[in-house]
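Enquirer: Here it is: the structure, laid out below.
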Amino acid sequence: MFRKDIVFIVDISGSMRGKPIDDTKDALFAALSKLDPEDSFSIIAFNGETYLFSTSLELATKEAVERAIQWIIVNFVAGGATNILLPLNTV
């Protein structure tokens, strides 16, 4: 097995309202649940602004994944413009 370092970059702009944002959340929850504890991850959500789960990669411990799920539930509210340049400059 190889250790993975993953950064999820997710569009939460107004065009994602409804089923698209719900499907995205479900896919991200599934992806997070498949990470091994020695894998690392972070999440960047964007619309006209950028929202970071963490300023650095976090080990995918059960606690970190649970915090990420709660962060997604709170922060993934579709709205605003789309500016993908912001998160790409963050990575």
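The values are calculated or read from the model by the stated rules, or taken from the named source; none is laboratory data. Note that the coordinates shown come from a computational prediction; the quantities given were computed from them, not determined experimentally. Positions of Cβ are backbone-derived with ideal geometry, glycine not excepted, and every protein chain shown enters the neighbour counts. Accessible surface areas use protein heavy atoms only, side chains included; no ligands, DNA or RNA. Shrake-Rupley method; radii C 1.70, N 1.55, O 1.52, S 1.80 Å.
Enquirer: Does the stretch 37-60 hold any residues that are open to solvent by less than 50 Å² (accessible area, probe 1.4 Å) and over 15 Å from V7 (Cα atoms), and which are they?
Expert: Answer for the stretch 37-60, where residues must be open to solvent by less than 50 Å² (accessible area, probe 1.4 Å) and over 15 Å from V7 (Cα atoms): N47, G48.
Enquirer: Another question, if that's okay. Collect the residues in the stretch 19-36 that are out of contact with any helix residue (DSSP H, G or I) (no Cβ under 9 Å at 6 or more places or on another chain), over 13 Å from A60 (Cβ atoms) and either open to solvent by less than 40 Å² (accessible area, probe 1.4 Å) or of a type in the set (S, T, N, Q) (or both), keeping them in residue-number order.
Expert: Across the stretch 19-36, the qualifying residue is only I21.
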